[in-house]
Amino acid sequence: VTITAKDMDNLLRRDYLDGVDSLAEFLQYNFTVPCNGVKGENKVECSISRVKVVVLYFRTDRQTPEISSVINEWERSLFDYVEHFEHPTLNMTVNSDAMIAREVRTNGLTCVPFFSFSVAAVVIFIFATNSREHFVFSHNVVMAILGIAGPLMATGTTFGFLFLFGVPFNSITLVMPFLIIGVGCDDVFIIIHAMRKTDKTESLENQIAETMEEAGPSITVTSATNCLSFAIGIATPTPAISLFCLYTCIAVAVDFVYQLTFFVAVLVYEEKRLEKMRKEEKKEKVEEALGRPKQVLSVQNSIRSCAGAHPPPANPNGIVSRYCRFLKDWRTRLTLLLILCGYWTASYYGCKTMEIKMDTTNLIMKDSPLNNIAWIYERYLWSEGQLVMVFVNNPPDLSLEQNQHEVLELVNRFETLPYSMGKNSTSIWLRSFLYQSSLYHNTKGFNGLLQEWLDDTEGGGARWNDMLRLKKTENGTILGVNKFMFATACAMGDDANWATRERLQKQWRGVAHEYAHFNVTVFQSYSFYIDQLDSIGGTTMSTVVWAAITMDLACLLMIPGINSILTSTIAMASINVGVFGLLSIWKVNLDPITMCTTLMSIGFSVDFTAHISYHYYRNPTSWTTDERLADALKSIGWPMIQAASSTVLCVFPLMFNTSYMIWVFVKTILLVTLLGILHGIIFLPALLLTSGDLNRLFGASDNVAPEKKPEKLGEISQASSFSSTNSETALVKKDDSTELKTMPQERGSG
């Protein structure tokens, strides 16, 4: 409990000091909750010229679950009392592990109200972009609702499944649903786009088969890489990161299953409804055509109808083909290379200057009362003095004088470390006992004298009972000291910063290690943050490297083309270096939250590179590089833009949240989406064109294994089976009959 004057001046003024004393008296003896506990007592004496802060430490002993429950109730009551505390001259704040946990939980829960806005925005977006495909109104509505249903079901299934098995909950996992909506809608756009390209004159079974042939590999590779990225994060030593990655990994896997089962299944029913509508519309059009001149109603040809031969590439006069020829121009690629060099330089600078920093205020809201405590700690406590708790868990036989000297030497080592406030700041029972033991006259030896001293409430050592754990017989006779603790203080002055705290903690633990036979452990209020600060750099680097290697292996299994793998790997590395570096320039420090978002960006970067690389790889090697690229962009370019846009819409409502933790996620998603779409549509295509030219120059092939030719008509080669086509089927009125006629387009010169 931290007490300051409202004018932040001297607390030794009579009215102010009386207020501190009465407040301490009230909290110590009169602030109660119903319990069967025993009250203790504590006395503090000062002689000092000026005091600005008084800190009251209340140590609790959770000996049994019942006592722990009472203490929890006491803490909650104290929080409420402090929150509504009013005094004419004093301010009061409170800090504890439970208080921090409560505020962090409150911070995470602030994103929940924004979730409904994200869902609504994505539903509207799916509806609007499907309208571009000239679907009927009712189909747009159904697809918008069904498209968001899968990710929502995956989110609910994940939480329910993990709660069922007792997996802990952390408020940071509440960001996961926003990510799953983005990942799930990515798959929805790809499936819908693939379904649109099928020949509607084919049976529904063939249409679904062609749709999954087209979309299946893409959504499989991205889902697999996202799962693997977060699976690696589960092994990180920081519990919050591990939990977030566990929840997200399972949610991505569940969403993938729902896309292949639930969404495809309901898509079948929706296509049956549309097929019925098309038949009725077709019947009306045929009846109208009987009384009119010959008309041609164009529909896209079936992919499987091209069995035995490669379909022609994209229309050479189309926008996509002209764009690819523009990228193939050496001046365009040189300009892009210069832009990339500037981008890589800025990203590298950001990576080098990113500061590793742990700050509790980043985990709480700006209006949290803990911000006031953090200010007091930074301004006064860390610079002017703070306690360090040392626990001796396996002390020697203290009835022996030699062992007493060794323990006191351990205490002295802590008192002489840099920034230590010395002997006068140390509270240890052994010194008081040895000093006062001469006042007692008995022949019971060390343990008997210790028992008498601890029972003396007047001038003895009763106040030290909380800092000792004794070995006793069944009748309560002391046999020795089982374990004990002592406290000493340090003051960092103007050097109070995270680097100094980290250095001090290493020195304390170094001394503790020298006395390993006593099983000495050290605790300080910011020890938890220092531990993460010490490991976050190495952990982040190793996790990123392993995640990147795993991504490459996963892509290699799905896209066994050397050219495609190398280019996509370079693009993924470029995206992630850019995200990391630009986050640093955007005033984001390296902490567990940033590590979470880094793993997220690694998984998401695959979405923008694997799609293009796979669709480029599957096209016939007999085509020119710009023809292969044009077909790839035509097949997956628009769904990628849809996915990127929907992902931004998912997190857009979170921009109105003031939480640092939430904003780090928002910044990361914005960066990975923007850089991903730029790399997927511009830089990666240019790199594929360049590598293709180099392959032809040196006579290399993109495929790991040579492409097999179909053995007979009706079989489809690996490359052609997934290729899109621009050939058309025409409904031609010929005299009084109607027939279907295939009208292939001419192949462009490339």
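The number of residues in the range 380-394 being touching a helix residue (DSSP H, G or I) at 6+ places or on another chain (Cβ under 7 Å) and assigned to a strand (DSSP E or B) comes to 3. Per the conditions (1) at pLDDT below 80; (2) closer than 30 Å to Y529 by Cα, the sole criterion not satisfied by A289 is (2). Does S613 count as closer than 16 Å to G184 by Cα, assigned by the TED database to the domain that holds D329 and modelled with pLDDT under 85? So S613 fails the test.
Being touching a Cys at 6+ places or on another chain (Cβ under 9 Å), of a type in the set (F, W, Y) and open to solvent by less than 20 Å² (accessible area, probe 1.4 Å) holds for only one residue in F125, F178, and it is F178.
Might you let me know whether the range 479-491 holds any residue that is open to solvent by 70 Å² or more (accessible area, probe 1.4 Å) and touching a residue at least 60 places away in the same chain (Cβ under 8 Å)? Within the range 479-491 (the criterion being open to solvent by 70 Å² or more (accessible area, probe 1.4 Å) and touching a residue at least 60 places away in the same chain (Cβ under 8 Å)), the answer is yes, since at least one residue qualifies.
Report the residue count in the range 163-175 for those that are at pLDDT 85 or above and either among the hydroxyl-bearing types (S, T, Y) or open to solvent by less than 10 Å² (accessible area, probe 1.4 Å) (or both). Quick ask: steps written out before the conclusion?
Our first condition is that a residue be at pLDDT 85 or above; within the range 163-175, this holds for 163-169, 173-175.
Imposing the further condition that a residue be either among the hydroxyl-bearing types (S, T, Y) or open to solvent by less than 10 Å² (accessible area, probe 1.4 Å) (or both) reduces the set to 173, 175.
Number of matching residues: 2.
All of I232, I192, I208, I241 fail the test of being open to solvent by less than 10 Å² (accessible area, probe 1.4 Å) and assigned by the TED database to the domain that holds M143, apart from I241. Filtered by the rule that a residue be surrounded by 13 or more Cβ atoms within 10 Å (Cβ to Cβ) and without any contact (Cβ under 8 Å) to a residue 24 or more places away in the chain, the range 69-99 gives I71, R76, F79, F85, S96. Taking first residues from the range 611-629 that are closer than 15 Å to T569 by Cα and β-branched (V, I, T) and partners that are open to solvent by 10 Å² or more (accessible area, probe 1.4 Å) and assigned to a helix (DSSP H, G or I), the Cβ contacts under 9 Å between residues at least 6 apart in sequence or on separate chains come to I612/L633; I612/I681.
Would you be able to say whether some residue in the range 164-171 is part of a helix (DSSP H, G or I) and under 18 Å from V651 (Cα atoms)?
Start the filter on the range 164-171 by keeping residues that are part of a helix (DSSP H, G or I), which leaves 164, 171.
Imposing the further condition that a residue be under 18 Å from V651 (Cα atoms) reduces the set to 171.
Yes, that holds for at least one residue.
Scanning the range 652-690 for residues that are surrounded by 18 or more Cβ atoms within 10 Å (Cβ to Cβ) and either not hydrophobic (A, V, I, L, M, F, W, C) or not assigned by the TED database to the domain that holds I585 (or both) yields P653, N657, S659, Y660, K667, T668, T673, G676, H679, G680, P685, T690.
Could you go through the range 553-565 and let me know if any residue there is buried (at least 17 other Cβ atoms within 10 Å of the Cβ), among the hydroxyl-bearing types (S, T, Y) and in a helix (DSSP H, G or I). Working first, answer last.
Step one: of the range 553-565, the residues buried (at least 17 other Cβ atoms within 10 Å of the Cβ) are 554-555, 558-559, 561-565.
From the residues that got through so far, the ones that are among the hydroxyl-bearing types (S, T, Y) too are 564.
Filter again for in a helix (DSSP H, G or I), leaving 564.
Yes, the conditions are met somewhere in the range 553-565.
For the range 60-99, a tally of residues being in a loop (DSSP other than H, G, I, E, B), of a type outside the set (S, T, N, Q) and touching a helix residue (DSSP H, G or I) at 6+ places or on another chain (Cβ under 6 Å) returns 2.
Against the condition in contact with a Lys or Arg (Cβ under 7 Å, 6 or more places away or on another chain) and either open to solvent by 50 Å² or more (accessible area, probe 1.4 Å) or at pLDDT below 90 (or both), how does N589 come out, does it pass? When the stated conditions are applied, N589 passes them. Take the conditions (1) under 27 Å from Y515 (Cβ atoms); (2) out of contact with any Gly (no Cβ under 9 Å at 6 or more places or on another chain); (3) loosely packed, with under 15 Cβ neighbours inside 10 Å; S437 misses just one of them, which is (3). Only one of the numbered conditions (1) within 23 Å of S218 (Cβ to Cβ); (2) part of a loop (DSSP other than H, G, I, E, B) is violated by D186, and that is (2). Whenever a residue of the range 672-696 is closer than 14 Å to V579 by Cβ, its partners that are open to solvent by 50 Å² or more (accessible area, probe 1.4 Å), lying with C-beta atoms within less than 7 angstrom and at least six residues away or across chains, give the pairs I677/I641.
The number of residues in the range 519-534 being open to solvent by 30 Å² or more (accessible area, probe 1.4 Å) and free of Cβ contacts under 8 Å to residues at least 60 places away in the same chain comes to 3. The condition of being in a helix (DSSP H, G or I) and open to solvent by less than 10 Å² (accessible area, probe 1.4 Å) does not hold for L649. May I ask you to verify whether A630 is over 18 Å from the mean Cα position of the chain (by Cα), modelled with pLDDT of 85 or more, among the small types (G, A, S) and open to solvent by 10 Å² or more (accessible area, probe 1.4 Å)? Criteria not met by A630. Restricting V257, V252 to those that are open to solvent by less than 30 Å² (accessible area, probe 1.4 Å), at pLDDT 90 or above, within 14 Å of C227 (Cβ to Cβ) and not charged (D, E, K, R) reduces the list to V252. When T60 is tested against (1) at pLDDT below 85; (2) loosely packed, with under 13 Cβ neighbours inside 10 Å; (3) closer than 25 Å to P369 by Cβ, just one condition goes unmet, and that condition is (2). Please verify whether the range 697-704 includes one or more residues that are within 18 Å of D626 (Cα to Cα), at pLDDT 60 or above and part of a loop (DSSP other than H, G, I, E, B). Yes, because at least one residue in the range 697-704 is within 18 Å of D626 (Cα to Cα), at pLDDT 60 or above and part of a loop (DSSP other than H, G, I, E, B). Of the candidates Y343, Y348, the single residue that is open to solvent by less than 50 Å² (accessible area, probe 1.4 Å), modelled with pLDDT of 70 or more, in the same structural domain as L687 (by the TED database) and under 30 Å from I593 (Cα atoms) is Y343.
Please find, within the range 354-379, the residue that is farthest from K506 (Cα to Cα) out of those that are in contact with a Leu (Cβ under 8 Å, 6 or more places away or on another chain) and in a helix (DSSP H, G or I).
Out of the qualifying residues, it is T361.
Taken over the range 364-398, the criterion of being open to solvent by 20 Å² or more (accessible area, probe 1.4 Å) and touching a Phe, Trp or Tyr at 6+ places or on another chain (Cβ under 8 Å) is satisfied by L387, M389, F391, N393, N394, P396.
Answer with yes or no whether M421 is over 23 Å from S535 (Cβ atoms), surrounded by 15 or more Cβ atoms within 10 Å (Cβ to Cβ), in contact (Cβ under 8 Å) with a residue 60 or more places away in the chain and assigned by the TED database to the domain that holds F518.
Taking the combined requirement at face value, the residue satisfies it.
The values are calculated or read from the model by the stated rules, or taken from the named source; none is laboratory data. These figures come from a predicted structure and were not determined experimentally. FYI the Cβ positions are ideal-geometry reconstructions off the backbone, even for glycines, and counts take in every protein chain you see. SASA here: full protein model, heavy atoms, side chains in, ligands and nucleic acids out. Shrake-Rupley method; radii C 1.70, N 1.55, O 1.52, S 1.80 Å.
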